[in-house]
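Engineer: My structure is below; once you've seen it, I'll send some questions.
Each reported figure results from applying straightforward, stated rules to the coordinates on display, with no laboratory input. Computed from a predicted model, the values in this text were never measured in an experiment. Note that we place each Cβ from the backbone using ideal geometry, even for glycine, and neighbour counts take in every protein chain shown.
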């Protein structure tokens, strides 16, 4: 199982906590999938409501690792301050670092991402950067102190799957020992299985599960796909070829 | 004095960030704070004075992806 900053997790599934029809369905999705990490966020607290406290108690009851994010941050300063607030609230050095560079695609801002990653690493954070599959960017993130990389499969919430297989394969080849997580863009379990077949260590999902008609069943479907894809990767798949090759022996065929 | 809390204008007499939280019934709440875009750790709130025009952010755990 993957190890993130010296912490071994029990599952290859990281699951978001937003957009579920109810807290009970969210909890059921975690239970049925066995997801080992829950992503969470921080948002403004209106006076006296204490919605944050109730949510926090529900997440703690799941008994999983918590990965706070800096979702929605568009500048280094926003992301750093949000990370600092999240560390205090969730009592963890883990941070899923998002520095958004484009409003339509929610594409990471690679320049801001590297700068924020360096600042946070220096402050003792363990950074999980939401990045693109750009090899040079990923090298800079590693140089900035990141020991996990989380390239997108496709833009957040699109369900388009793995848009750049070559880029993702290339990344895996260049960082053979670094935990790599597909973060964002997955819509179906088959896409998660594909990520495993490429040798990725985990996937992070939210919309694909939360917006399914039956979120808990979809979460379980993803968990099974991850298991199947990982088994395939470890089994050393055959090489594809262009020409047909009969699987039944030719020798000994009757002459008729 | 007039400050902005979570994007909304607010009139307050609270001398410190800690006093503002108590005034808002968030004294014991699970929240984190920022003043003028900079993080203020919980132990420092009582020693963080507020001034006219300050921008305060108060956040709590929420659902996220």
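Engineer: Considering only strands (runs of 3 or more DSSP E) fully contained in chain B, which possess at least 3 residues that are buried (at least 21 other Cβ atoms within 10 Å of the Cβ) and facing another protein chain (nearest Cβ under 7 Å)?
Structural biologist: Passing ranges, in order: B:55-63.
Engineer: So, residue A:34, is that one closer than 21 Å to residue A:73 by Cβ and within 21 Å of the chain's Cα centre (by Cα) or not?
Structural biologist: Values: closer than 21 Å to residue A:73 by Cβ: no; within 21 Å of the chain's Cα centre (by Cα): yes.
For residue A:34, the condition - closer than 21 Å to residue A:73 by Cβ and within 21 Å of the chain's Cα centre (by Cα) - is not met.
Engineer: Another question, then. Is there a residue being on the phi > 0 side of the Ramachandran plot, within 9 Å of another protein chain (Cβ to nearest Cβ) and in contact with a strand residue (DSSP E or B) (Cβ under 9 Å, 6 or more places away or on another chain) anywhere in region A:28-51?
Structural biologist: Among the residues of region A:28-51, at least one is on the phi > 0 side of the Ramachandran plot, within 9 Å of another protein chain (Cβ to nearest Cβ) and in contact with a strand residue (DSSP E or B) (Cβ under 9 Å, 6 or more places away or on another chain), which makes the answer yes.
Engineer: Same structure again: Do the conditions hold for residue A:103, that is, is it out of contact with any helix residue (DSSP H, G or I) (no Cβ under 6 Å at 6 or more places or on another chain), farther than 22 Å from residue A:35 by Cβ and not in a strand (DSSP E or B)?
Structural biologist: It is true that residue A:103 is out of contact with any helix residue (DSSP H, G or I) (no Cβ under 6 Å at 6 or more places or on another chain), farther than 22 Å from residue A:35 by Cβ and not in a strand (DSSP E or B).
Engineer: Give the residue that is farthest from residue A:91 (Cα to Cα), with candidates limited to residues of region A:113-153 that are within 14 Å of chain B (Cβ to nearest Cβ) and assigned to a loop (DSSP other than H, G, I, E, B).
Structural biologist: The qualifying residue farthest from residue A:91 (Cα to Cα) is A:153.
Engineer: Kindly list the number of the only condition in (1) within 13 Å of another protein chain (Cβ to nearest Cβ); (2) surrounded by 24 or more Cβ atoms within 10 Å (Cβ to Cβ) that fails for residue A:20.
Structural biologist: Of the numbered conditions (1) within 13 Å of another protein chain (Cβ to nearest Cβ); (2) surrounded by 24 or more Cβ atoms within 10 Å (Cβ to Cβ), the odd one out for residue A:20 is (2).
Engineer: Name the single residue, out of those in region A:4-17 being assigned to a loop (DSSP other than H, G, I, E, B) and on the phi < 0 side of the Ramachandran plot, that is farthest from the other protein chains (Cβ to nearest Cβ).
Structural biologist: A:10
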